[in-house]
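Trainee: Could you have a look at this structure, given as structure tokens, before my questions?
The values are calculated or read from the model by the stated rules, or taken from the named source; none is laboratory data. On a predicted model such as this, the values are computed, not experimentally measured, just so you know. Reconstructed Cβ throughout: ideal geometry from the backbone, glycine too, with neighbour counts over all protein chains shown.
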Amino acid sequence: MKQFKESEILKQFDDLLLQSKEIITNATSTKSHDGKTTIQIVDDAVSFEWHLEATFLIYEVYGETHFLYKRMERDSRRMGSLKSFLHYVSIFKSARNKFASDGLSRIRIFLKHENLDAILLQAENMANDEQNYIVAPVLAGCALEYFLHEVCKKNSIEIEKRTASSLNEKLCEKEVYTAITKGQILSFLQIRNNAAHGNFPSVIDSRKMVSDVTHFITNNINLL
């Protein structure tokens, strides 16, 4: 991406959010095709241009493989309804807040590990699919195991023929992280193992597992 200061990038996010507020304020009401309901619509051309600029900024910051970019880019047709526009504004706000908390350095570390990001995205998609949610904890566990492998490599810990639990022990022994973190990882691995052996979680528990693992990896991304 271009070499901008973090403050300049944050300003671009905030400027686009201000534009989105103006678009929302100027929304108008119209009758549905059947004339039975009233729907709120936004200016087609203005909202479409906003969407393009917002999507491009996320691409510049996070890259094309990141789930936030994929969510914005997934449906690039014109907004039309206020409801659709608000959906994209919500994604954009998440991208802005994540950038504000993580900064460029952590994001760039994440982008070096595209496989990790891809697995987490797939896990999230499965968790939100009521037909395949039972697979999500296993995928989240795979992302966690990939994370452990990469942290071990960085700390010169032998990974061949070692289980994820064993790697977790070694990383704690070497004081890469605390016993509390080790316990957190063990609980994730237990859920993953249960799901892999047929003890499937509920939809809610599956989504929570994916969310918790994603937050854990994001918060500890500097270990990579």
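Trainee: If you check 217, 185, which single one turns out to be at pLDDT below 95 and touching a Leu at 6+ places or on another chain (Cβ under 9 Å)?
Mentor: None of the others qualify; the one that does is 217.
Trainee: Moving on to the next point. List the pairs whose first member sits in segment 144-156 and is within 10 Å of residue 176 (Cβ to Cβ), whose second member is among the charged types (D, E, K, R) and not in a helix (DSSP H, G or I), and whose Cβ atoms are under 7 Å apart, counting only residues at least 6 apart or on separate chains?
Mentor: 155/174
Trainee: Having 1 or more residues that are of a type in the set (Lys, Arg), in contact with a helix residue (DSSP H, G or I) (Cβ under 9 Å, 6 or more places away or on another chain) and under 22 Å from residue 118 (Cα atoms) is the bar; report the helices (runs of 4 or more DSSP H) wholly within segment 158-224 that clear it.
Mentor: Correct list: 179-196, 203-219.
Trainee: Of all residues in segment 174-193, count the ones that are farther than 19 Å from residue 157 by Cα and free of Cβ contacts under 8 Å to residues at least 24 places away in the same chain.
Mentor: 4
Trainee: Could you say which residue among 123, 118, 164 is within 19 Å of the chain's Cα centre (by Cα), crowded, with 19+ Cβ neighbours inside 10 Å and not polar (S, T, N, Q)?
Mentor: Step by step, each of 123, 118, 164 is checked, and only 123 is within 19 Å of the chain's Cα centre (by Cα), crowded, with 19+ Cβ neighbours inside 10 Å and not polar (S, T, N, Q).
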